[in-house]
Amino acid sequence: MGKTWSDRFEEGLNPFIDSFNASIEFDFVLLQEDLDGSIAHARMLAKTGIISSKEASDIELGLEKIRLEASKGTYKPDSQDEDIHMFVERRLISLLGEVGKKLHTGRSRNDQVGTDLRLWLRRRIDDLDLDLTSFQLALLKHAENNLFTLIPGYTHLQRAQPLSLAHHLLAYIEMINRDRERLKDVRKRVDICPLGSAALAGTSLPIDREFTANELGFSSIYSNSLDAVSDRDFAVEFTSAAALIMTHLSRFSEEIIFWASDEFAFVLLTDRCSTGSSLMPQKKNPDVPELIRGKTGRVFGHLQGLLTMIKGLPLAYNKDFQEDKEAIFDTVKTVRDSVKAMTILLEEGLEFSIERLNETVGSDFSNATDVADYLVSKNVPFREAYQVVGRAVKFCIKEKILLKDLTLNQWQNFNSIIQEEIYEKLIPEKVVASRVSVGGTGFTRVREQLEKWKNSLISPKE
Ligand code: ARG
């Protein structure tokens with residue numbers, strides 16, 4: 001059997017152009033969705049009387065047979081199959097003969113591919129949401145174990161103020177939650193059915209678009225047939241949401257990478273998720289976060305690629321759209337793999353060095369703001385208090401001591417209002433505990449947040 005083209009074509013395609021044109025090599029992953037979409041379409045054709053119910057049930061049986069054959073690997077695409085849609089139709093015709101030729105009534109590959117892609121992506125978004133929830137739970141577990149573990153907080157990567165480690169980890173839970181909300185929002189626009197828009201203008205046949213959309217679980221249908229077959233906004237929106245997920249993972253990766261260095265030594269990498277060097281026997285490399293950081297670039301690239309592919313396209317369908325698939329497929333694979341790898345890394349790949357973290361926080365000037373706040377509580381204007389502490393820090397650096405090592409006498413030379421109670425204010429645990437403003441790192445606040453997340457992640461309302 002030759003190509004499915006009309007008799008208008010006399011000569012075959014140049015073999016190189018034939019394979020250049022084909023998408024079967026990568027769009028085969030849409031098989032399940034193509035079959036689902038075709039079954040819904042066949043049922044609709046029978047319901048509207050365009051074909052008989054016997055024909056529709058034969059078509060449905062044929063399509064299910066193809067599903068089975070493909071799962072067993074007994075029927076595979078070959079070089080005649082340009083894409084997944086042609087692959088299914090060719091087999092259907094070879095199984096059913098004339099009846100098989102009726103399936104494509106009132107539809108085009110343009111609305112078909114849009115339907116398949118949306119069905120496929122909608123399922124993947126739901127899977128990704130579960131992956132992200134598992135990642136949040138892995139973060140939450142470490143956060144719960146480390147409410148009272150302290151970690152230096154940085155700005156400009158300079159020690160700023162000490163934090164509860166749980167507070168640091170909860171920041172990532174927040175970021176991931178925004179990612180989940182974004183996906184939920186994107187999903188609304190993936191969940192619109194283009195089927196029945198045919199090639200671009202709709203059809204003269206009495207089809208029922210609501211019926212097919214309903215069969216496929218779409219929440220609505222496109223109102224404009226041209227828009228329906230040429231809209232790839234959902235692909236851009238999804239890839240953009242994925243790019244932001246990768247950005248968040250990449251930032252966390254970067255932190256883990258330097259936390260694992262000898263210079264920081266805040267975490268220990270276990271053997272489960274780190275690799276050795278082929279040359280240097282002492283090394284343990286953080287390959288997992290490095291790979292995630294590296295893979296972020298691919299997803300940014302896909303986003304750029306999609307935007308650029310779409311930007312010059314006149315309405316309606318253009319073959320350029322075939323290029324959306326590898327971008328979407330690779331984005332889904334990359335982001336899902338990365339979230340999964342990061343979750344495993346948290347679950348079994350790293351241990352926080354609690355002692356080292358607590359010690360680190362006690363050996364710097366990150367309690368300086370607290371002296372200033374103490375002076376403010378004694379009615380010293382903040383800007384003046386700030387200068388007093390600045391002078392004290394300068395003195396300590398010269399003497400190679402910390403603020404806690406200054407005698408009361410020395411403190412009083414900086415400002416006579418200072419009393420013995422200053423020493424309590426300098427203790428890192430007290431410093432952290434005192435930051436009880438809403439959203440702050442104070443233990444009582446962080447405990448509230450832990451409770452909140454435990455409730456919403458472990459027993460979500462929806
Ligand atoms: N393989 C094509 C794609 O991925 C299917 C649609 C082809 N439509 C057409 N008019 N040539 O976009």
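Okay, here's what the table says:
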{"item": "FRET efficiency estimate (nearest 0.05) - Cβ-Cβ, D208 to K319, R0 30 angstrom", "result": "0.55"}
{"item": "Axial C-alpha extent at least 20 Å, average Kyte-Doolittle at least -0.5 - helices from the chain (DSSP)", "result": "31-47, 233-259, 287-311, 324-344, 382-399"}
{"item": "Added length on full extension, which subtracts the Cα-Cα distance from 0.36 nm per residue, E348 to K378", "result": "6.0 nm"}
{"item": "Exposure rank, largest accessible area first [L226, L426, L130; 1.4 Å]", "result": "L130, L226, L426"}
{"item": "Rounded FRET efficiency, nearest 0.05, which uses the C-beta distance separating I427 from Q387 and R0 of 25 Å", "result": "0.60"}
{"item": "Gain upon complete extension [R123, R356; 0.36 nm per residue less C-alpha separation]", "result": "79.5 nm"}
{"item": "Pairwise label distance in nanometres, F365 with I401, each label 7 Å out on the Cα-Cβ vector", "result": "1.5 nm"}
{"item": "More than 12 Å apart - percent of Cα-Cα pairs taken over the stretch 363-420", "result": "63 percent"}
{"item": "Ranked packing of 399-412, 97-110, most packed first, by mean Cβ within 10 Å", "result": "97-110, 399-412"}
{"item": "Near-label residues of the stretch 348-366 by backbone N, under 15 Å of a point 7 Å along Cα→Cβ of F264", "result": "350-354, 356-358, 360-361"}
{"item": "Span from the the stretch 109-137 Cα centroid across to the the stretch 423-446 one, whole angstrom", "result": "42 Å"}
{"item": "Mean Cβ count within 10 Å, highest first, over the residues of peptides 191-199, 58-66, 376-384", "result": "191-199, 58-66, 376-384"}
{"item": "FRET efficiency estimate (nearest 0.05) - Cβ-Cβ, K188 to L226, R0 30 angstrom", "result": "0.90"}
{"item": "Estimated 222 nm signal from helices in the chain, with DSSP H stretches of n ≥ 4 weighted -39500 (n - 2.57), rounded to 500", "result": "-20000 deg cm²/dmol"}
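The values are calculated or read from the model by the stated rules, or taken from the named source; none is laboratory data. The structure displayed is predicted, hence computed values, not measured ones. All Cβ positions, even for glycine, are placed from backbone atoms using ideal geometry, and neighbour counts span all protein chains on display. We work out accessible area using only protein heavy atoms, side chains counted, and drop any ligands, DNA or RNA first. Shrake-Rupley method; radii C 1.70, N 1.55, O 1.52, S 1.80 Å.
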